[in-house]
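To keep things clear, I will list the structure first and then write my remarks on it.
The values are calculated or read from the model by the stated rules, or taken from the named source; none is laboratory data. Quick caveat, the model's predicted, so the values are computed rather than measured. Positions of Cβ are generated from backbone atoms using ideal geometry, with glycine treated the same way; all protein chains shown enter the neighbour counts.
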Amino acid sequence: MRLSSSYIAKLTLVLFVVLLALPVSGCAGAPPAPAPEREPVRLGIDNIDNHLDLFKGKRVGLVTNATGINSNFASSIDVLKAKVNLVALYAPEHGIRGAVKAGDQIGYATDAKTGLPVYSLYGATKKPTADMLADVDVLAFDIQDIGARPYTYIYTMAYAMQAAAENGKAFVVLDRPNPVGGMVEGGLVKPGFESFIGMYPIPLRHGMTVGELARYFNKEFAINCDLAVVPLTGWTRDMVWDDTGLPWVMTSPNIPTTDSALVYSGTGIFGGTNVSEGVGTTRPFELVGATWLKAEELADKMNAQNLPGVYFRPAYFSPRFGGNTGKTLGGVQIHITDRHAYQAVRTGITLLYAIQELGGDNFAYDFNSRGIPYVDLTTGDNVLRLGRYTLDELLAEWDKEAQQFKEKAKPYYLYK
């Protein structure tokens, strides 16, 4: 029987509709099921309503700065003032609003918005005095750290914990993510090399949140304050800041981005040398260079190392302030290609060894105003400056120390 063309067309249409209606889950080419959504990350300050009992009937002081915001950009100062009896503020390096450049001392002030007194913890004293704490019962801490040992906020926290213990005050940490994740790298501070950029023997990249560090400091270094941590929710150790969905506020004038935070624990070491670490440019700690370096030569040497998660682009730059103001420097820009794989300390030390080799006698270490080699304080030892190890030997030693620290720190972890 010969079928008419109109009948064939109708039959084709019916078959097409039937095929569209068939389930596709068993088809070889079917798209995979979407991954389950992760729980949103909530900061300690976001979770404050579940922990108001810590502050009930108490006078509260807050150590904070511009990074102390909730996930909706509201200042932690304003959040706490509306919910508890907030009576005093305490400012770390860079000030309560984050506008003071590195190393500049700050003094007593009054917060223009709230009228609350602001006590300086980066001036005549870095540790709250009894007078500063006389009117508070609970001292809270809410500052975004960047996961690097030389960054001073964690020592402001340690000093505040000591003062709380000595003066019978409770201490509460409103926890925040470690923006560079849980990776641990670098050696420990050795006896005799302690400073305000390395008070305790922890690695250059410590892999802990401020709440976890507070627990570690409190027990391991016998601070023994009355400590509570208002925890994060939704954060895991494999997450870097970009995974959190949270707003980033520059933690200090020279850490404007999450990339600058990620590279800092490695390239911050150049602050103790005559090589620019990019301060004075729009890419601090991502640019590294000197007048006597050839950019293409350094980039080729570094890219040949096949370091994970990074590409080195030849770069010429001219800082707007600092010791190399107005000079044209040759070097590299560190482009992070995989934030989870990037090893900041390994990258920074490898770069330093390469620059030493290429620069020869042009390369030098700097000393601070007291005649102390700054790099010894940054690295917590003098073995780098004295050249006691080859690159591979130093990295192996630091890897061993980092792993030992990680095992010791695990009991204080709050997050998987």
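Failed condition for S369, given (1) assigned to a helix (DSSP H, G or I); (2) of a type in the set (S, T, N, Q); (3) surrounded by fewer than 17 Cβ atoms within 10 Å (Cβ to Cβ), with all others met?
(1)
Do you know which residues across segment 51-79 are touching a strand residue (DSSP E or B) at 6+ places or on another chain (Cβ under 9 Å) and closer than 16 Å to A170 by Cα?
H51, L54, F55, G57, K58, R59, V60, G61, L62, V63
May I ask you to list the residues in segment 272-331 that are farther than 24 Å from Y374 by Cα and in contact with an Asp or Glu (Cβ under 6 Å, 6 or more places away or on another chain)?
Hits for segment 272-331 are G309, P314.
Among the candidates Y316, Y311, Y353, Y342, which residue alone is of a type in the set (S, T, Y), in a helix (DSSP H, G or I) and not assigned by TED's automatic domain parsing to the domain that holds M183?
Working: Y316 fails: in a helix (DSSP H, G or I); Y311 fails: in a helix (DSSP H, G or I); Y342 fails: in a helix (DSSP H, G or I).
Only one candidate qualifies: Y353.
Identify the single condition in (1) in contact (Cβ under 8 Å) with a residue 60 or more places away in the chain; (2) crowded, with 17+ Cβ neighbours inside 10 Å that H340 does not satisfy, given that it satisfies every other one.
(2) is the only condition that H340 fails.
Determine, yes or no, whether G272 is in contact with a Lys or Arg (Cβ under 9 Å, 6 or more places away or on another chain) and farther than 30 Å from P40 by Cβ.
Details: in contact with a Lys or Arg (Cβ under 9 Å, 6 or more places away or on another chain): yes; farther than 30 Å from P40 by Cβ: yes.
It is true that G272 is in contact with a Lys or Arg (Cβ under 9 Å, 6 or more places away or on another chain) and farther than 30 Å from P40 by Cβ.
Using the structure shown, decide if G266 is crowded, with 19+ Cβ neighbours inside 10 Å, touching a Lys or Arg at 6+ places or on another chain (Cβ under 9 Å) and either under 30 Å from T328 (Cβ atoms) or at pLDDT 95 or above (or both).
On the way: crowded, with 19+ Cβ neighbours inside 10 Å: yes; touching a Lys or Arg at 6+ places or on another chain (Cβ under 9 Å): yes; either under 30 Å from T328 (Cβ atoms) or at pLDDT 95 or above (or both): yes.
Here the answer is yes, as G266 does meet what is asked.
For segment 197-215, enumerate the residues that are more than 17 Å from E185 (Cβ to Cβ) and over 15 Å from the mean Cα position of the chain (by Cα).
Going residue by residue through segment 197-215, those that are more than 17 Å from E185 (Cβ to Cβ) are 199, 210-211, 214-215.
Hits for segment 197-215 are M199, A214, R215.
Listed here are the residues, each with its yes/no results for (1) in the same structural domain as D338 (by TED's automatic domain parsing); (2) farther than 19 Å from Y151 by Cβ; (3) not hydrophobic (A, V, I, L, M, F, W, C).
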position: M199; (1), (2), (3): no, no, no
position: G207; (1), (2), (3): no, no, yes
position: N224; (1), (2), (3): no, yes, yes
position: V229; (1), (2), (3): no, yes, no
position: G234; (1), (2), (3): no, yes, yes
position: D238; (1), (2), (3): no, yes, yes
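Can you find a residue in segment 203-210 that is in contact with a strand residue (DSSP E or B) (Cβ under 9 Å, 6 or more places away or on another chain), modelled with pLDDT of 95 or more and more than 23 Å from T67 (Cα to Cα)? Before the answer, list the steps.
If we filter segment 203-210 for residues that are in contact with a strand residue (DSSP E or B) (Cβ under 9 Å, 6 or more places away or on another chain), which is where we start, we get 203-207, 209-210.
So of that shortlist, the ones also modelled with pLDDT of 95 or more come out as 203-207, 209-210.
Still in the running and more than 23 Å from T67 (Cα to Cα): 203.
Checked against the condition, which is being in contact with a strand residue (DSSP E or B) (Cβ under 9 Å, 6 or more places away or on another chain), modelled with pLDDT of 95 or more and more than 23 Å from T67 (Cα to Cα), segment 203-210 yields at least one hit.
Scanning for something touching a residue at least 12 places away in the same chain (Cβ under 8 Å), more than 22 Å from R42 (Cα to Cα) and part of a helix (DSSP H, G or I), does segment 226-248 turn up at least one residue?
No, there is no match, as no residue in segment 226-248 is touching a residue at least 12 places away in the same chain (Cβ under 8 Å), more than 22 Å from R42 (Cα to Cα) and part of a helix (DSSP H, G or I).
Step by step: first the residues of segment 249-263, then only those that are surrounded by fewer than 23 Cβ atoms within 10 Å (Cβ to Cβ) and not in a helix (DSSP H, G or I), then the one that is modelled with the lowest pLDDT. Which residue is that?
Ranking the qualifying residues of segment 249-263, first place goes to P253.
The rows are residues; the columns are (1) of a type in the set (K, R); (2) buried (at least 24 other Cβ atoms within 10 Å of the Cβ); (3) touching an Asp or Glu at 6+ places or on another chain (Cβ under 7 Å).
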{"position": "L188", "(1), (2), (3)": "no, no, yes"}
{"position": "S195", "(1), (2), (3)": "no, no, no"}
{"position": "R215", "(1), (2), (3)": "yes, no, no"}
{"position": "D226", "(1), (2), (3)": "no, no, no"}
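Just wondering, is there one or more residues in segment 211-219 that are over 20 Å from K127 (Cβ atoms), in contact with a strand residue (DSSP E or B) (Cβ under 8 Å, 6 or more places away or on another chain) and in a loop (DSSP other than H, G, I, E, B)?
No - not one qualifying residue is present in segment 211-219.
How about segment 283-317: which of its residues are of a type in the set (F, W, Y), surrounded by fewer than 22 Cβ atoms within 10 Å (Cβ to Cβ) and within 11 Å of H335 (Cα to Cα)?
Result: Y311, single match.
Taking segment 116-127 only, how many residues are part of a loop (DSSP other than H, G, I, E, B), small (G, A, S) and under 24 Å from the mean Cα position of the chain (by Cα)?
First, pick out the residues of segment 116-127 that are part of a loop (DSSP other than H, G, I, E, B): 116, 121-127.
Subset that is small (G, A, S): 123-124.
Restricting the remaining residues to those that are under 24 Å from the mean Cα position of the chain (by Cα) gives 123.
Final tally of qualifying residues: 1.
Are any residues in segment 79-115 more than 24 Å from the chain's Cα centre (by Cα), outside any strand (DSSP E or B) and either at pLDDT below 95 or not assigned by TED's automatic domain parsing to the domain that holds A66 (or both), and if so, which ones?
Correct list: G107, Y108, D111, A112, K113, T114, G115.
Is it the case that G268 is within 28 Å of L386 (Cα to Cα) and of a type in the set (G, A, S)?
Numbers: within 28 Å of L386 (Cα to Cα): yes; of a type in the set (G, A, S): yes.
Yes.
Restricting the search to segment 232-247, which residues are surrounded by fewer than 20 Cβ atoms within 10 Å (Cβ to Cβ) and farther than 17 Å from R339 by Cβ?
T233, G234, P247
Within segment 269-284, restricting attention to residues that are assigned to a loop (DSSP other than H, G, I, E, B) and out of contact with any strand residue (DSSP E or B) (no Cβ under 8 Å at 6 or more places or on another chain), which residue is nearest to D366 (Cα to Cα)?
Ranking the qualifying residues of segment 269-284, first place goes to G280.
Within segment 307-355, can you find the residues that are among the basic types (K, R) and under 21 Å from the mean Cα position of the chain (by Cα)?
Initial filter on segment 307-355 (among the basic types (K, R)): 313, 320, 327, 339, 346.
Once the filter is applied, which keeps residues that are among the basic types (K, R) and under 21 Å from the mean Cα position of the chain (by Cα), segment 307-355 yields R339, R346.
Residues of segment 147-164 being in contact with an Asp or Glu (Cβ under 8 Å, 6 or more places away or on another chain), assigned to a helix (DSSP H, G or I) and among the hydroxyl-bearing types (S, T, Y), which ones?
Looking only at segment 147-164, we keep the residues that are in contact with an Asp or Glu (Cβ under 8 Å, 6 or more places away or on another chain), and these are 151-154, 156, 164.
Adding the requirement that they be assigned to a helix (DSSP H, G or I) leaves 153-154, 156, 164.
Hits for segment 147-164 are Y153, T156.
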